[in-house]
Amino acid sequence: MTLKQTPLNAVHRAMGAKMVDFGGWDMPVNYGSQIDEHHQVRNDCGMFDVCHMRVVDAKGEGVRAFLRYLLANNADKLTFPGKALYSAMLRPEGGVIDDLIIYFMSEQWFRIVVNAGTADKDIAWMKQQASQHANPLPNTPPVGEGMAALSPSARGGRYVEDLEKGWQLTITSRDDLAMVAVQGPNARSKVWQVIPQTKAATENLQNFQAADCGEYFIARTGYTGEDGFEVMLPKKNVVAFWHELNQAGVKPIGLGARDTLRLEAGMNLYGQDMDETISPLEAGMAWTVDLKSERDFIGKAALLANPPTRKLVGLLLLDRGVLRGHQKVHTTHGEGEITSGSFSPTLEKSIALARVPKEVEIGDTVQVSIRDKMLAAKVVKYPFARNGKGLL
Amino acid sequence: MSNPSNLKYTASHEWIKSEADGTLTIGITEHAQELLGDMVFVEAPAVGRKIKAREEVAVVESVKAAADVYAPVSGEVVAANSELDGAPEKINSDPYGAWIFKIKPDNSADVDTLLDAAAYQAVVDSEAH
């Protein structure tokens, strides 16, 4: 099987990267020491090739209403252009198809960034949902002549046309775009050093906001728990951009450090912490699921019908060793399992996310089966580290 | 880094140095540390422990995986490198200097059956893909 390559593949190799198969992609796991790379991001800044992730543009008159129905988090929280939202996209049975970020750029344009391994599946699902007839919302008044003159939101967010032709929108996979994440306390200033023409439009961006700067789409988002930007740009320009960042002193960071950084920051990894068989409520994602309003969304009924019996907690290993995915967790309320585990370079201890019976509490001591031994771990709140510092 | 020619090796990526006093010093090779990545813990054996050839004697744990370190020959553990407790990364930066344990072999001739540098390189080459 030939692995997929990003436009930066040769550059990674030239920079001394150790390459690995990451979900069918030939990607750099480190350029030397992943622990050094981890500290580099927490203390200064580093850059990640995230070209394997997929940018999707949803455009048209029906896009906001569509996303309101498609996603577990409420697109109506996005009240001004540039605002972003993290959400799960659910199956009707309630399992997680993917986790993603949407950026509200205009009423007729939302940008969506999805995971690499699920991109094709996600886009096929979105297109399928978009082409179907919309079912009337609960409490939506019947549409009559007078109603047709009202704005979409007054009619419950649906056009008359929706009922006949499906949602009025197009969904486009932006295969022409590359993405580089620059993360760390000094990340934004380095980006401005390299592309100063974007500074005016981006220097006032708050966390989870984006700006479209023509050639560069810049979001103050990331997967590390540090400040920084995720920059989307034409694929043909990404090699030069990477080199310019490097020349400005930004070091390349591999997937090994990406994993320890996101785990310390308490951020889920799709495929490990949740998948299509797991409810977001059992994956620490309840805060992203908006069940408060009357809004119907795909998977809502299943979530309401199936209260969670498990929850995701943080674990801190008290003994020497490393917590790893799939290790069994023994608690006084029954067994659980580690979903993601690793060594935390910031805490110099091992940490993990684990799915355990919901009765388990912060502060409990549990036992983890590691290679024929039972090691003690403490149940802790997460995130474990953010903004350069450990939180435990 | 090439495999030092004054050392012996095993197919499980240990290096062995014969000391003047008859003891053997053991660590893991450059190839092994490169495969495993950043080391975070070393579980060294207890001094005095009697071990058999190919028995698991120590564990090196990296961010990526835990790996057993095997006894190259039968004998008794006479020392463990306590420096690695606080600085396991020395195995990465200096694999042939960061020894893990020393043994007094039951039979001083056993070490002659181990691989030389060239034979070990052949093992490494056969693993390459």
Revision key, fill the gap. From the option list A:Glu226, A:Glu276, A:Glu244, single residue qualifying as modelled with pLDDT of 95 or more and surrounded by 23 or more Cβ atoms within 10 Å (Cβ to Cβ) is A:Glu226
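One line per residue, one yes/no per condition, for (1) within 19 Å of the chain's Cα centre (by Cα); (2) of a type in the set (Lys, Arg); (3) surrounded by fewer than 19 Cβ atoms within 10 Å (Cβ to Cβ):
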| residue | (1), (2), (3) |
| --- | --- |
| A:Thr170 | no, no, yes |
| A:Ala178 | yes, no, no |
| A:Gly184 | yes, no, no |
| A:Lys190 | no, yes, no |
| A:Gln197 | no, no, yes |
| A:Thr202 | no, no, no |
| A:Ala210 | yes, no, no |
Revision key, fill the gap. If you go through A:Leu303, A:Leu318, A:Leu312, the only one that is in contact with a strand residue (DSSP E or B) (Cβ under 8 Å, 6 or more places away or on another chain) and over 19 Å from A:Ile278 (Cβ atoms) is A:Leu318
Review point. Here are some residues: A:Cys45, A:Cys51. Which one is under 24 Å from the mean Cα position of the chain (by Cα), away from chain B (no Cβ under 13 Å) and more than 14 Å from A:Thr224 (Cα to Cα)?
Key: A:Cys51
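Taking the stated definitions as given, is A:Glu348 surrounded by fewer than 19 Cβ atoms within 10 Å (Cβ to Cβ) and either touching a helix residue (DSSP H, G or I) at 6+ places or on another chain (Cβ under 9 Å) or under 17 Å from B:Gly86 (Cα atoms) (or both)?
Working: surrounded by fewer than 19 Cβ atoms within 10 Å (Cβ to Cβ): yes; either touching a helix residue (DSSP H, G or I) at 6+ places or on another chain (Cβ under 9 Å) or under 17 Å from B:Gly86 (Cα atoms) (or both): yes.
In short, yes.
Taking A:Gly214 as the residue in question, decide whether it is surrounded by fewer than 16 Cβ atoms within 10 Å (Cβ to Cβ), in contact with a helix residue (DSSP H, G or I) (Cβ under 9 Å, 6 or more places away or on another chain) and more than 29 Å from A:Lys18 (Cα to Cα).
On the way: surrounded by fewer than 16 Cβ atoms within 10 Å (Cβ to Cβ): yes; in contact with a helix residue (DSSP H, G or I) (Cβ under 9 Å, 6 or more places away or on another chain): yes; more than 29 Å from A:Lys18 (Cα to Cα): yes.
Considered against the rule, which asks whether it is surrounded by fewer than 16 Cβ atoms within 10 Å (Cβ to Cβ), in contact with a helix residue (DSSP H, G or I) (Cβ under 9 Å, 6 or more places away or on another chain) and more than 29 Å from A:Lys18 (Cα to Cα), A:Gly214 comes out as yes.
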**Study point:** Those strands (runs of 3 or more DSSP E) lying entirely in the stretch A:286-392 with at least 3 residues within 14 Å of another protein chain (Cβ to nearest Cβ), within 30 Å of A:Cys45 (Cα to Cα) and touching a Cys at 6+ places or on another chain (Cβ under 9 Å)
**Key:** none
Point to revise | From the options A:Gly16, A:Gly32, residue that is touching a Phe, Trp or Tyr at 6+ places or on another chain (Cβ under 6 Å), within 13 Å of another protein chain (Cβ to nearest Cβ) and either surrounded by fewer than 24 Cβ atoms within 10 Å (Cβ to Cβ) or over 25 Å from A:Gly95 (Cβ atoms) (or both) | key: A:Gly16
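The values are calculated or read from the model by the stated rules, or taken from the named source; none is laboratory data. Since the model is a prediction, treat every value here as computed from it, not as a measurement. Counting neighbours? That spans all protein chains shown, and the Cβs are built from the backbone with ideal geometry, glycine included.
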